[in-house]
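Data block below; observations after.
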Number of protein chains: 2
Amino acid sequence: MIKLMICEDVKDVREGFRYLLNLDDEIRVVAAYSTAEELFEGMSSLGAPNIVLMDIELPGMSGIEATGKIKERYPGTAVLILTIFEEEGKILKAIQAGATGYILKNTKPGDLVAQIKTLHQGGSPISPNVARVLLHEYQREHGGKSHGDFNLTPREKEIVHGIVDGLTYREIGEAYNISGATVKKHILHIYKKLNVGSKVEFMKKVMNSDLI
Amino acid sequence: MIKLMICEDVKDVREGFRYLLNLDDEIRVVAAYSTAEELFEGMSSLGAPNIVLMDIELPGMSGIEATGKIKERYPGTAVLILTIFEEEGKILKAIQAGATGYILKNTKPGDLVAQIKTLHQGGSPISPNVARVLLHEYQREHGGKSHGDFNLTPREKEIVHGIVDGLTYREIGEAYNISGATVKKHILHIYKKLNVGSKVEFMKKVMNSDLI
DNA sequence: CAAGAAATACACCAAATGGTGTATATTTCA
DNA sequence: TGAAATATACACCATTTGGTGTATTTCTTG
């Protein structure tokens with residue numbers, strides 16, 4: 001049984017969701033509030049639910065602020081943001097605050113139930129447009145362009161894999177039927193190409209590349 | 001009309017998708033290849049499609065590498081990663097490489113068509129489990145709550161930083177005015193706590209944690 | 001207070017690493 | 001064809017790392 005609370009200021013929408021979600025017998029709407037402040041009172045008296053369905057536009061404390069507080073005080077509770085807006089800044093803020101999912105209010109009733117179950121099983125329901133915003137943001141922060149393959153030869157790439165797998169020179173040599181000394185030679189070449197001088201530096205470069 | 005190319009090494013899967021997607025009259029599968037190398041030949045002779053359906057596990061050039069090259073040479077082409085795996089590192093790498101969507105192969109045929117149309121309209125279809133990975137990553141990078149510090153003591157955390165900075169035991173000792181031998185003792189304790197046994201394994205763990 | 005964790009330090013050892021040489025066979029390509 | 005790159009291998013060396021002991025001091029917590 002998925003215990004769920006609703007936080008939504010518009011009565012019709014709130015009661016609509018309550019009715020709708022209670023139709024499914026895996027979900028129980030334990031309470032529905034019109035403000036975040038009331039929600040917190042409810043959570044402390046009734047206990048934290050599995051999921052809070054959170055409107056982003058609330059009088060008083062905003063849905064984003066409330067999300068942050070929920071994740072602080074009740075980290076086990078997932079927050080599903082439900083909104084009519086697709087504003088980029090709000091989406092990113094809600095996610096930073098710890099929202100577990102972010103979907104639009106025009107979602108079909110049946111889909112909403114499916115997404116709540118998805119959420120409860122560890123997934124994050126996100127509408128495609130929200131996903132696009134997130135993807136772009138992530139790509140922007142990670143420099144977009146590929147970091148190149150450092151002009152490594154095929155053999156050198158194999159050696160890189162061996163290292164990353166935690167093998168020693170000798171073990172890599174055994175794996176590819178060459179001597180450990182040769183493996184070492186390769187590694188030193190690789191170090192020069194990557195401009196590093198130890199395993200640790202090597203790992204830092206390689207783990208942020210698409211070499212692996 | 002959405003022009004689409006498929007890059008997938010398993011023939012049955014490849015032909016299955018081709019047949020299936022051609023059933024929809026808004027989509028035209030202009031070509032299907034079994035390797036990234038062939039795909040690039042096709043793209044240069046037939047012209048870039050709107051969407052490439054890309055398998056991640058390919059012989060030769062990987063789907064991730066290919067995605068990066070497509071975004072470089074044909075930025076207008078969207079890449080939809082189709083995979084059976086949900087491995088965190090691969091997901092993030094594919095997104096960094098510029099993937100526009102990332103969905104699982106077990107997606108229902110009707111849903112796949114819907115997702116391709118979503119993609120073409122500017123959304124990013126992402127399966128809920130992939131979305132969860134992305135959300136976590138984003139939250140982690142923006143000061144989200146720590147997902148485990150492995151019970152390291154404050155001193156041990158300092159040592160971790162020293163290692164990640166590429167210092168040797170002795171250098172770390174000098175930095176903190178303790179002996180190199182002590183630093184080593186700390187490292188060995190840390191290894192036990194992280195359940196690793198070498199710098200390489202250590203880096204793999206630490207770089208995916210919020211210890212740094 | 002006593003037990004335990006945390007931080008410090010030293011000894012000893014085998015193995016791995018990093019750095020530099022030299023050398024040869026093969027392949028690639030201008 | 002001839003130079004450059006690639007892949008192979010061995011020698012020698014100092015340093016680093018991983019692993020195991022033992023031991024002392026300080027701090028924390030039941």
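The values are calculated or read from the model by the stated rules, or taken from the named source; none is laboratory data. Just so it is clear, the structure is predicted and the values come from calculations on it, not from any experiment. Ideal geometry is used to build each Cβ from the backbone, glycine not excepted, and the neighbour counts take in all protein chains shown. The area values use the complete protein model at the heavy-atom level, side chains included, leaving out ligands, DNA and RNA. Shrake-Rupley method; radii C 1.70, N 1.55, O 1.52, S 1.80 Å.
Would you kindly identify the strands (runs of 3 or more DSSP E) lying entirely within the stretch B:1-112 that contain at least 3 residues that are closer than 29 Å to A:T153 by Cα? If you could, list the steps in order and put the result at the bottom.
Details: elements: B:2-7, B:27-33, B:51-55, B:78-83, B:101-104.
In the stretch B:1-112, the matching strands (runs of 3 or more DSSP E) lie at B:51-55, B:78-83.
Would you confirm, using the coordinates I've provided, whether A:K108 is out of contact with any helix residue (DSSP H, G or I) (no Cβ under 8 Å at 6 or more places or on another chain), more than 19 Å from A:A32 (Cβ to Cβ) and open to solvent by 40 Å² or more (accessible area, probe 1.4 Å)? The answer is yes for A:K108.
Summed over the stretch B:85-103, residues that are in contact (Cβ under 8 Å) with a residue 24 or more places away in the chain and more than 11 Å from every other protein chain (Cβ to nearest Cβ) total 2. Listed by position, the helices (runs of 4 or more DSSP H) inside the stretch B:165-212 whose residues that are among the β-branched types (V, I, T) and surrounded by fewer than 18 Cβ atoms within 10 Å (Cβ to Cβ) number at least 1 are B:180-194.
From the list B:S124, B:S44, pick out the single residue that is polar (S, T, N, Q) and in contact with a Pro (Cβ under 9 Å, 6 or more places away or on another chain).
Unique residue meeting the criteria: B:S124.
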